[in-house]
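> Input: one structure, supplied below.
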Amino acid sequence: MSSKQAIILFTKNPELGKVKTRLATTIGDEKALAIYKKLLQHTREIVTPMEVDKILFYSDTIIQNDNWSTAIFMKKVQVGNDLGERMNHAFQMVFNLGYESACIIGSDCYELNTTIIAEAFESIKRKNMVIGPTFDGGYYLLGMNKLHSSIFKNIEWSTETVFDDTMKEVENLNLSSHILTKLTDIDEEKNLPQHWK
């Protein structure tokens, strides 16, 4: 452990027909996979310079010789039946390793940058939680300095109520929170930046 802070990265193994399935319905599996690989590259570029430990959780299996260097990224596999269980397990593992705060991001948000993630880690020093909402009702980042498992329960994942339901639970627990700027997740063709089309 070189830092007391960790960033958890959730990625899907980049396989044809298994990533960006909603996007693939209009642009096809090949293009959807190419877009996903671009998103992975963007995510890698924004987190690599950060002075926090980086833990990469693959959806299925660890790939040893990919573009994610083991010198920079600790590699794990996601565990759980749904996204909530998987995120809860990842945070639990990270806090068990002795980290004092952690933020989780996916690899769907091309608008996310190093500055926003740095703001998240800075705010988690003063607040219990940090969350970055997306325009489709979900979130692109979630951070905390102690595990609160209930915020991952009773959530209908991949719906437009994820952020609101999460915030209701944050309020129920009387946790202080910092809300980051709202960004766009790429799930459908209309979300694609112009130069990616």
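> Convex hull over the Cα atoms of segment 71-197, averaged projected area in nm²?
Convex hull of Cα atoms, orientation-averaged projection: 8.7 nm².
> Sticking with this one: Classify segment 13-92: rounded, prolate or oblate, from the alpha-carbon gyration tensor (a ≥ b ≥ c, eigenvalue square roots; a/c under 1.5 rounded; otherwise prolate if a/b is larger than b/c)?
Taking the square roots of the gyration eigenvalues as a ≥ b ≥ c, segment 13-92 is oblate.
> Provide the gained length on full extension for the span Lys125 to Glu15, in nm with one decimal, where the gain is 0.36 nm per separating residue minus the Cα-Cα distance.
Value of the extension gain: 35.8 nm.
> Rolling a 1.4 Å sphere over the protein heavy atoms, what is the accessible area per residue of the chain, to the nearest Å²? Kindly include the intermediate steps, with their values, before the conclusion.
On the way: 9930 Å² over 197 residues.
Result: 50 Å² per residue.
> With only Lys, Arg, Asp and Glu charged, each at its Cβ (+1 for the first two, -1 for the last two), find how big the charge dipole of segment 65-141 is about the Cα centre; round to the nearest 20 debye.
Details: 6 positive and 9 negative charges, 64 e Å.
That gives segment 65-141 a dipole magnitude of about 300 debye.
> Along the charge dipole of the chain, which of Leu173, Val162, His42 sits closest to the positive end, that is, farthest toward it, with unit charges on the beta carbon of Lys, Arg, Asp and Glu (+1, +1, -1, -1)?
Positive-most Cα among the choices belongs to His42.
> For segment 77-129, what is the per residue volume of the convex hull drawn over the alpha-carbon atoms, in cubic angstrom? Write out the running numbers ahead of the final one.
On the way: hull volume 5.3 nm³, N = 53.
Normalising the Cα hull of segment 77-129 by residue number yields 101 Å³.
> Roughly speaking, to the nearest percent, how much of the chain's 1.4 Å accessible area is carbon and sulfur?
46
> Find the eigenvalues of the gyration tensor of the Cα atoms of segment 141-197, then list the square roots of 5 times those eigenvalues as equivalent ellipsoid semi-axes, largest first, in whole angstrom.
28, 13, 9
> Given a cut-off of under 8 Å on Cα pairs at least six residues apart, what relative contact order in percent is computed for the chain?
The value is 22 percent.
> Going through segment 1-80, which GluC sites (Glu not before Pro) have at most 16 other Cβ atoms within 10 Å and a DSSP loop state?
Details: sites: Glu15, Glu30, Glu45, Glu51; in loops: Glu15, Glu51.
Filter output for segment 1-80: Glu15, Glu51.
> Also, I was wondering about something else. In segment 131-176, what trypsin sites (Lys or Arg not before Pro) fall in a loop by DSSP, with at most 12 other Cβ atoms inside 10 Å?
Those satisfying the criteria are Lys146, Lys153.
> Over all distinct alpha-carbon pairs, what is the Kirkwood Rh of segment 1-148 in angstrom?
Kirkwood hydrodynamic radius for segment 1-148: 15.7 Å.
> Something else: What are the residues whose amide H is under 5 Å from the amide H of His178, where those residues sit 5 or more places off or on another chain and H is modelled from the backbone?
So His178 has HN proximity to Met129, Val130, Ile131.
The values are calculated or read from the model by the stated rules, or taken from the named source; none is laboratory data. Just so you know, these numbers come straight off a predicted model, no measurement behind them. We place every Cβ from the backbone using ideal geometry, glycine too, and count neighbours over all the protein chains shown. Ligands, DNA and RNA are stripped out before the accessible areas are found, and what is left, the full protein with its side chains, is counted by its heavy atoms. Shrake-Rupley method; radii C 1.70, N 1.55, O 1.52, S 1.80 Å.
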